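All remarks here apply to the structure that follows.
Please treat every number below as a calculation from the coordinates, not as lab data. Computed from a predicted structure; not experimentally measured. Note that each Cβ is placed from the backbone with ideal geometry, even for glycine, and that neighbours are counted across all protein chains shown.
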Amino acid sequence: MRRTDGTDKRKPVERLQPDPALGITFAQAAQRTARGWDNRSGAPLSKTTWQIIRDNVFTPFNLLFCVLGACLFAVGSYHNMMFLGIVVCNTLIGIIQELRVKRELSKITLLASPTAQVVREGRELRLPVEELVLDDVVRLSAGCQIPADAVLLEGALEVNEALLTGEADNVAKAAGAKLLSGSFVVSGRAAVRLDAVGPDAFAARITREAKRTSKNRSEMMRSLDRLLRWIGLALIPVAVVLFVKQYTLLHTGLEYAVTSTVGAVVGMIPEGLYLLTSLALAVGVLNLARRRTLVHELSCIENLARVDVLCLDKTGTLTESSMEVLEALPLAEGLDGPGLEALLGSFAHSGSDDNATARALKERFADGGLLAGAEEVAFSSARKWSGRRAQGRCLLLGAPEVLMGGRRKELDGLLAGPLSRGERALLLAQTDALPAGDAAPQTLRPLGLVLLSDKIRPEAPATLTYFREQGVNVKIISGDNPASVAAIARRAGVPGAERYIDLSPLADEEVAAAAERYTVFGRVTPEQKRILVQALKAAGHTVAMTGDGVNDVLALKDADCSVAMASGSEAAQQVSQLVLLDSDFSAMPAIVNEGRRVINNIQRSAALFLVKNILSLTLSLVLVFVAMPYPFVPLQLTLLSALTIGVPSFLLTLEPCYTKVRGKFMQGVLLRALPGGLTDVLCILGVMGASCLFHLPQAQVSTICTLLAGYIGMLVLYHVCKPFNRWRRAMWVALFIAFFACSVIGAKLLGLVWLNWISLGIFAFFAVLAPFLLLGLMKAAGIIHHRLRRGKNAGRAV
């Protein structure tokens with residue numbers, strides 16, 4: 001049996017040296033799988049059903065609630081144990097929702113799982129990478145992720161090992177070279193033999209890092225973790241002091257001392273807030289899955305809601321992934337159109353390049369056989385050219401400005417028109433020898449230009465209009481000529497497309513300085529893409545990056561939210577937080593809206609939850625030093641929680657709310673919750689002070705405090721619901737009536753009594769005072785929030 005930690009004991013197998021054209025046999029593959037030599041990494045990347053149940057049931061707060069329930073049971077206060085029913089419901093809802101999300105994501109993840117081209121018994125098959133076995137022959141080409149440690153058998157590759165070494169430079173690999181799993185093929189074609197699979201290779205560790213699984217928690221979830229940690233630390237000492245004081249000093253009796261202390265502790269625990277946040281994020285993931293979007297990391301939901309800069313690659317987003325050849329223009333004396341087309345066809349068909357440009361050339365021009373058996377220098381985004389040498393002829397095809405170097409002005413007249421129309425130009429040139437490394441040759445003879453064009457996606461203009469209206473700045477980052485990219489951006493409707501720059505001659509510091517000043521960036525290397533993303537983040541922006549190629553990997557990893565197209569390379573899909581399974585850029589507005597809906601609703605509802613927690617915690621701390629009993633029992637707080645917090649928060653979470661998310665999560669939530677919480681505390685302390693003055697019995701005090709807390713809770717909910725629509729108005733009125741109806745009908749169960757005239761007067765006084773006090777505190781919180789934002793913006797400007 002294989003152990004899930006990947007350190008299983010395998011049965012030995014004979015190592016094989018298969019022919020690259022034949023591979024191993026199906027029988028040998030089956031034997032290796034049976035003996036544990038397949039490419040499964042062992043530990044699953046998602047929770048099992050048992051783990052979901054365990055994580056929802058065995059929580060510190062569930063344990064605490066059970067202890068509190070046992071305390072109430074011990075003193076016979078059974079009716080106050082009803083909060084345990086809510087705890088059970090919350091736990092069941094959490095389990096059911098997580099299992100539902102797991103089921104849906106399992107279906108969609110299966111469709112998006114990485115595959116590899118493997119050779120067995122001379123047949124080429126595409127299999128999931130987990131089904132590969134030791135000594136399998138795998139065929140790799142540009143854009144593939146290397147699925148396991150391997151040895152290159154035939155062909156040549158350029159490999160990006162950035163995920164392993166952190167170095168952006170591509171590494172050339174020839175026959176006999178070692179290849180590490182987790183790296184990506186930039187260019188070339190090759191057959192490789194898998195030399196180390198499963199836990200023996202880098203695959204498991206690199207895949208986990210690239211997919212950024214659950215270890216990365218968002219700023220919102222980290223804030224909630226800290227809040228719960230501090231509340232947990234305060235609970236036990238405050239509860240012990242309250243109980244001892246009430247039982248030994250105030251002589252309230254054991255039952256009341258226990259029930260009121262349990263009420264204080266229950267009031268301090270924001271268990272519903274954590275559940276609401278987890279469920280809202282889970283529902284967001286499920287909704288995105290239904291939109292054919294695979295989520296690799298929960299935290300990207302929050303980052304989506306905060307995005308204010310969107311970096312796009314031209315190809316696959318503004319334009320379709322395919323290109324078409326428009327025209328071939330001879331430049332050399334004695335070379336006519338058919339001759340140039342024969343050279344271009346021979347060049348394209350004699351190489352291993354399989355990008356959009358190579359496919360367009362192969363589709364347009366037939367193979368003239370002029371470069372049969374050519375020695376190849378494959379195209380790479382770093383050098384921006386490819387080369388062939390055959391029959392005494394050396395040809396280069398690439399970006400005119402790169403190949404021509406200082407002579408680029410010779411072609412300005414020919415290129416001005418095509419570039420202004422957004423067309424792409426490639427130069428075919430002859431040289432004496434293939435250059436060494438990435439440097440362009442010093443001397444060459446231009447043979448001809450070939451003009452190509454990208455197709456604008458029909459949906460791109462409407463999508464860009466949406467982002468402009470939402471205040472999201474769009475940056476176009478491309479490896480192509482900046483003038484050409486800018487022309488395409490203008491056609492697609494990108495605001496500020498006239499501000500473009502060529503990054504090829506710039507140093508890293510100059511690239512970073514240009515990040516905010518320009519909209520279109522051309523001739524960008526993979527490392528420069530990362531520098532642009534890092535510079536935008538350093539300027540205080542929340543950056544989303546879309547990409548579909550290997551050259552986007554570095555930038556995708558550094559972006560706050562990374563989005564890959566499923567039609568692109570496996571490399572981009574593996575490192576991205578989101579994968580658009582239909583490769584449809586027009587889905588981006590709906591995805592951003594889903595992120596905003598989730599986070600806005602969580603922030604709005606979180607303020608409701610924290611009002612009760614601020615009341616209970618502050619009141620408990622005050623009563624530690626004041627000789628007065630805690631005025632609430634658990635059942636009263638259960639009623640308050642259900643009708644002023646729980647029901648409205650879950651109903652409001654279902655509503656659309658697509659405004660841009662600003663500010664830090666916990667700071668914003670506390671500033672929204674503090675006015676309501678402090679209004680509660682001041683009014684409740686005022687009632688308790690008045691009760692001492694008029695010598696009211698504890699039952700009267702408890703009733704006034706419960707009714708007043710419910711009334712203030714409804715005032716807070718009133719402001720949360722603004723601006724009102726028909727649905728919110730009906731919900732607020734129904735909950736208001738329900739609270740006071742439950743207070744009357746269930747008075748005996750809740751421990752409430754009819755108020756005497758003095759108590760009615762006290763309640764009326766604070767009921768009139770509460771709205772004015774709440775408004776004043778809200779205004780003060782607004783001023784504080786404004787000053788904090790102004791200070792943050794000033795610091796950013798400096």
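Some observations on this one:
- Each Lys and Arg Cβ is given +1 and each Asp and Glu Cβ -1; about its Cα centre, the range 319-456 then shows a dipole of about 260 debye.
- For Arg189, distant residues with modelled amide H under 5 Å away: Ala156
- Helical runs (DSSP H, four residues minimum) scored at -39500 (n - 2.57) apiece and divided by the length of the chain put the mean residue ellipticity at 222 nm at -16500 deg cm²/dmol.
- The chain - charge dipole about Cα centre, Lys and Arg +1 at Cβ, Asp and Glu -1, debye rounded to 20: 2800
- Packing-based order for 54-66, 643-655, 475-487, 682-694, using average beta carbon neighbours within 10 Å, highest first: 475-487, 643-655, 682-694, 54-66
- Phi-based couplings in Hz for the range 574-589 (Karplus 6.51, -1.76, 1.60; Gly and Pro marked x): 5, 8, 7, 7, 10, 10, 7, 5, 9, 6, 10, 4, 5, 6, 4, x
- Mean Cβ neighbour count within 10 Å, used as a protection proxy, ranking 32-38, 630-636 highest first: 630-636, 32-38
- Three-way shape call for the range 319-456 based on the alpha-carbon gyration tensor, with the a/c threshold at 1.5: rounded
- Taking amide H positions as modeled 1.01 Å from N, with prolines and chain starts lacking one, the residues under 5 Å from Ala172 and 5 or more places away or on another chain are Val159.
- Compared with the dominant Cα axis of the chain, that is its longest principal axis, helix 337-349 is turned about 60°.
- Among the GluC sites (Glu not before Pro) in the range 286-383, those placed in a DSSP loop whose Cβ has at most 11 other Cβ atoms within 10 Å are Glu333.
- Computed from Cα atoms, the angle from the helix 482-492 axis to the main principal axis of the chain rounds to 50 degrees.
- Inter-site label distance for Arg100 and His786 at 7 Å from Cα along Cβ, in nm: 4.2
- Between 0 and 90 degrees, the angle of helix 757-797 with respect to the longest Cα principal axis of the chain falls at about 20 degrees.
- Entry for Cα extents along the principal axes in Å (calculated from the structure that is shown) out of (i) 136, 108, 54; (ii) 168, 73, 42; (iii) 112, 65, 41: (iii)
- Highest-first packing order for the peptide set 671-681, 389-399, 718-728, 15-25 is 671-681, 389-399, 15-25, 718-728, based on the mean count of other beta carbon atoms within 10 Å.
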